[in-house]
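Worksheet: the structure to be examined is printed underneath.
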Amino acid sequence: MIYRPDPPKRQIMKTLAKIWIPFCCLLLSVSCKEAVQENEDSGTLECEEIATPAEEKKEIEAAVALLRGAILSPDASLLGELTADQLTYGHSSGTIQDKAEFIDDLVHGSFDFTTVDFRDQRIVVSGRTAIVRHVFEAKATNAGTPVDVRIGNMLVYVKQEGAWKLLARQAYKL
């Protein structure tokens, strides 16, 4: 029997297999470890139950209703619980507030809402994020002067620590 070395292609494939299989396993391991770390950092658990879209929409509707109530009767601690720490709150005037500014303005500002209604509300859920659109109609006083408000709103909610929290809001003139 004559010894014949493997053809070059076969040798290359064996070499690649020796290198790539361990490399792919290492890459997969690192990716999984990063995903677990990301979940731990965000406060989520791997074993969380997944709700149906209908259940998620009901939870979001409830969160929006709580926000509506907190706008009518501003309470700093409730507003703090309903909003994400990274909140960016945009007004139709172009003013943008962070969480602390938003809460302070609502609790201590010159605007006092007497009625607030959210009309034509639509909710879209994508994983741990939801977009809520509605028409914001309100009666208020601004430094004692009566004001009627009718603007469009887009709210972005994110599920953090098992609760839907307002992450962003942008109002626009209709």
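Averaging Cα coordinates gives a centre for the stretch 141-174 and one for the stretch 93-135; these two points are 1 Å apart. Each Lys or Arg adds one and each Asp or Glu subtracts one; over the other residues with Cβ under 11 Å from the Cβ of Ala63, this totals +1. Remark on Asp75: its backbone amide H falls under 5 Å from none of the residues 5 or more positions apart or on other chains, H modelled at 1.01 Å from N. Amide hydrogen proximity for Arg128: with H placed 1.01 Å from N in the peptide plane, no residue at 5 or more positions away or on another chain lies under 5 Å.
Rounded to the nearest 20 debye, the dipole size of the stretch 41-154 about its Cα centre is 580 debye, using +1 on the Cβ of Lys and Arg and -1 on the Cβ of Asp and Glu. Across the cross-link table entries Lys58/Lys99; Lys58/Lys139; Lys57/Lys165; Lys99/Lys165; Lys57/Lys159, which are compared at the Cα atoms, the separations over 19 Å belong to Lys58/Lys99; Lys58/Lys139.
For the stretch 104-169, the alpha carbon convex hull comes to 93 Å³ per residue, rounded to a whole number. Based on Cα atoms of the stretch 53-173, Rg over Rh with Rh as the Kirkwood radius reads 0.94.
Each reported figure results from applying straightforward, stated rules to the coordinates on display, with no laboratory input. All of these numbers come straight from a predicted model, not from anything done at the bench. Every residue, glycine as well, gets a Cβ built from its backbone with ideal geometry; the counts of neighbours run over all protein chains shown.
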